[in-house]
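S.K.: Structure provided below as structure tokens; questions to follow.
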Amino acid sequence: MASRVALLFLLCVLPSMLAAIRLHKNPFCVQGRVYYDSCRAGFETSAITYIPD
């Protein structure tokens, strides 16, 4: 029973803990203009506001 608990720890808990403490780089690089679509039209309208850099 103790060996199964240790195996469960090694296979499930330990990798998830290592993934949680790893430093993540920001993989996204936004180019162009990004806007907030408050009216949810799905395209640029006169009611949109652009998000600053």
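Coordinate-derived values only; no laboratory data. These numbers come from a predicted model, not from an experiment. Cβ sites come from the backbone with ideal geometry, for glycine too, and all protein chains shown count toward neighbours.
S.K.: Within the stretch 12-37, count every residue that is assigned to a helix (DSSP H, G or I), of a type in the set (A, V, I, L, M) and surrounded by 10 or more Cβ atoms within 10 Å (Cβ to Cβ).
M.R.: 3
S.K.: Could I ask something else about it? Based on what the data block shows, is ARG40 surrounded by 10 or more Cβ atoms within 10 Å (Cβ to Cβ), in a loop (DSSP other than H, G, I, E, B) and of a type in the set (Lys, Arg)?
M.R.: When the stated conditions are applied, ARG40 does not pass them.
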